[in-house]
Amino acid sequence: MKYSVKVKKASTLLKAINGLSDGESVSIVYKGDTYAIRAYKDFKDGITYSVWDKGFRGMNVSKVGKTSLALYSYDMMSQRTTYRLDLTQCTMLLPE
């Protein structure tokens, strides 16, 4: 798939993510599992994001790209784990 097609396919979800305010979230389905992308106010009055599953596991977003989210988390031994979430493979769920 060409990059321009990927950007167009991810644009709807990307607009929804960038439009989130403090405390708001958007639900997505990624590879058969449901996740919530949540927005938080950071200490510089900007917005930062995190991705959570239905349980208690989550990852912080280090970068919002045009076609993906760069995620990271730290475990109890300060080991950093990274993941790239492809927005073109996500389906946004409508709010209930």
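Each value in this text was obtained by applying a stated rule to the coordinates, not by laboratory testing. None of these values were measured; they are calculated from a predicted model. Here the Cβ positions follow ideal geometry from the backbone for every residue, glycine too, while neighbour counts run over all protein chains shown.
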(message) Multiplying the sequence separation of residue 33 and residue 6 by 0.36 nm and subtracting their Cα-Cα distance, what value in nm do you get?
(response) 7.6 nm
(request) Match the structure shown to one of the listed values (1) 3, 13, 26, 26, 19, 9, 3, 1, 0; (2) 3, 13, 22, 27, 19, 11, 4, 1, 0; (3) 3, 15, 20, 16, 11, 8, 7, 5, 5, 4, 3, 2, 1, 0, 0 of P(r) over Cα pairs in 5 Å bins from 0, in percent, computed from it, and give that label. (result) (2)
(message) If I stretch the segment between residue 75 and residue 18 completely, what's the gain in nm (0.36 nm per residue apart, minus their alpha carbon distance), one decimal?
(response) 17.8 nm
(message) List the residues, sorted by chain then number, that are 5 or more residues from residue 65 or on another chain and whose placed amide H is less than 5 Å from its amide H.
(response) 70
(request) Starting at the first residue of segment 25-34, write each ³J(HN,Hα) from the Karplus equation 6.51 cos²θ - 1.76 cosθ + 1.60 with θ = phi - 60°, in whole Hz, x for Gly and Pro. (result) 8, 10, 9, 9, 10, 9, 6, x, 10, 9
(request) For segment 3-92, compute the number of Lys pairs whose alpha carbons are separated by less than 26 Å, excluding pairs fewer than 8 positions apart on the same chain. (result) 27
(request) Order the peptides 75-81, 48-54, 1-7, 21-27 from the highest to the lowest mean number of other Cβ atoms within 10 Å of their residues. (result) 48-54, 21-27, 1-7, 75-81
(message) With angles folded into 0 to 90 degrees, how steeply does helix 3-18 sit against the dominant principal axis of the chain? Use alpha carbons for both and round to 10.
(response) 50
